[in-house]
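Worksheet for the structure shown next.
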Amino acid sequence: MGLIDPSYPKPSPALVAGYAVLVVFYLLCGARAAHLGSTRSHYYNIYTVRFLFPLTCGMLALENATLASSRHFYDTAESSPDGRSISVAQQSFLYFVFACVSLAVPILLVATFELTYLVHKRRSVNFCGMFFDEGQRIRRMITTPIKSFVLRNSIRAVAVFLTVLNILVNFELVNDTGSENGLDPRCGWVCLFRDGRPWDEKVHILLSLVPTGILILCNAYFSFLLWRYGTEFSIVVHASILNPWFSLSFGTGAMAATQIFGYPPYFSCTSNLGLLIFIVSILLLMVEVDKDMVAADEFADFLAQVARKGDKTSVTKKASAASTSVVVRADAKEEDEESKQEEKTPEESSRSVPLSEVDADASEDGAAANDGAAGEVLNAEDAPSSHLDVEVGRIGSGADDHENANGAS
């Protein structure tokens, strides 16, 4: 982190230009982080990622803007009676900037932890000894809730510790004998160990490097877990082990390089450049987390649709099978009746003629007989009278013959 002290040399125009460029990029990163946090539903309940992470980008932009305009503070100090004092308003503004910057590293630590925890929990992948099932912690195992409580609160405790340490360093509450001797404490780890001064004069430098060093160590472990997740468990399959989940490792490495090999007077600019690269890697990680979450939700929705379709298909098959069995049973019953009728004798078959058919035949015969009688009557009525006379004559002659036979006797 950068410090402004009138006892240090003024920043060169190249450093001022570098700070100005960093301000622009920090603001762009903050806008991108705010957009991702507000438009993705899986970040709604993670307030560190949704609100504090974009705020951190804004605070770092404010710090670099202050460093870019630090020449104004130096000019004010030079015009003071002792040549080192600045106005009360300027001092109050610097205190506000230092207080904001003290929160940057702890917030980044908690944000990366929450992202790592989120992606492992949603995909039910074991994380730091915790076991998940269907996106929830397995509560029937006594150790899992305890581990979750201890791990989450330990990260928060570390973040609080780093905040306190940054405040002590930025407000120079720790005895800084090096700055009193006109030595620039803004340097990296290599410069710290190469410095031949005794350690009591380098405590301020050591304490200023510890918060970022803890952030680097923790994120080295988180980046390994995320890379393993992206290679083995991600719903989006990648063809190479150098997949986008490796981005946090790259950002952590860049930040470590700027912290290790930084030398004054460029350490403030290079350390902020390393933090910028680290923040960009976090944004890339958020994009990958978002892709994986969307793909997992789509796959879960697909499985739900397949399950519903399968239920409908099974119900339809059961209904069609039931109707088919009813039809088959009816056909079998008809075939049994036909076979029984074929096995009957002719007499039984004649006896088994339905009564309706017998009544119909009888009615037809009666109708035919009535028609014949009526025809005979009509013929008798229509016969000629000569025929009647012939018949009468025959009857009369017969009667006469009978009488003559009786007389002869």
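Confirm whether Glu63 is modelled with pLDDT of 90 or more, within 30 Å of Val24 (Cα to Cα), open to solvent by less than 10 Å² (accessible area, probe 1.4 Å) and in a helix (DSSP H, G or I).
Judged against the criteria, Glu63 is a match.
Check the stretch 250-260 and report whether any residue there is in contact with a Gly (Cβ under 6 Å, 6 or more places away or on another chain), of a type in the set (Phe, Trp, Tyr) and surrounded by fewer than 17 Cβ atoms within 10 Å (Cβ to Cβ).
Within the stretch 250-260, not a single residue is in contact with a Gly (Cβ under 6 Å, 6 or more places away or on another chain), of a type in the set (Phe, Trp, Tyr) and surrounded by fewer than 17 Cβ atoms within 10 Å (Cβ to Cβ).
If the Cβ limit is 6 Å and pairs must be 6+ apart or interchain, which residue in the stretch 246-261 that is closer than 10 Å to Trp189 by Cα pairs with which residue that is open to solvent by less than 20 Å² (accessible area, probe 1.4 Å) and hydroxyl-bearing (Ser, Thr, Tyr)?
Thr258/Ser271; Gln259/Thr212
Report yes if some residue within the stretch 270-280 is more than 20 Å from Tyr19 (Cα to Cα), touching a residue at least 24 places away in the same chain (Cβ under 8 Å) and open to solvent by 20 Å² or more (accessible area, probe 1.4 Å); otherwise report no.
No: zero hits.
Just to be sure, is Ala295 farther than 22 Å from Phe98 by Cα and over 22 Å from the mean Cα position of the chain (by Cα)?
Against the criterion (farther than 22 Å from Phe98 by Cα and over 22 Å from the mean Cα position of the chain (by Cα)), Ala295 does not qualify.
Only residues that are of a type in the set (Asp, Glu) and either farther than 22 Å from Ser124 by Cα or in contact with a helix residue (DSSP H, G or I) (Cβ under 8 Å, 6 or more places away or on another chain) (or both): list them for the stretch 296-311, please.
Selection gives Asp311 alone.
Can you confirm whether Pro244 is modelled with pLDDT under 90 and touching a Phe, Trp or Tyr at 6+ places or on another chain (Cβ under 8 Å)?
Spelling it out, it is not the case that Pro244 is modelled with pLDDT under 90 and touching a Phe, Trp or Tyr at 6+ places or on another chain (Cβ under 8 Å).
Restricting to the stretch 83-106, name every residue that is surrounded by fewer than 21 Cβ atoms within 10 Å (Cβ to Cβ) and part of a helix (DSSP H, G or I).
Answer for the stretch 83-106, where residues must be surrounded by fewer than 21 Cβ atoms within 10 Å (Cβ to Cβ) and part of a helix (DSSP H, G or I): Val88, Ala89, Gln90, Gln91, Ser92, Phe93, Leu94, Tyr95, Phe96, Val97, Ala99, Cys100.
The values are calculated or read from the model by the stated rules, or taken from the named source; none is laboratory data. It should be emphasised that the depicted structure is a prediction, and the values quoted were computed from it without experimental measurement. No Cβ is skipped: glycine too gets one built from the backbone with ideal geometry, and neighbour counts run over all protein chains shown. The protein model used for the area step is the full one, side chains on, heavy atoms only, and it has no ligands, DNA or RNA in it. Shrake-Rupley method; radii C 1.70, N 1.55, O 1.52, S 1.80 Å.
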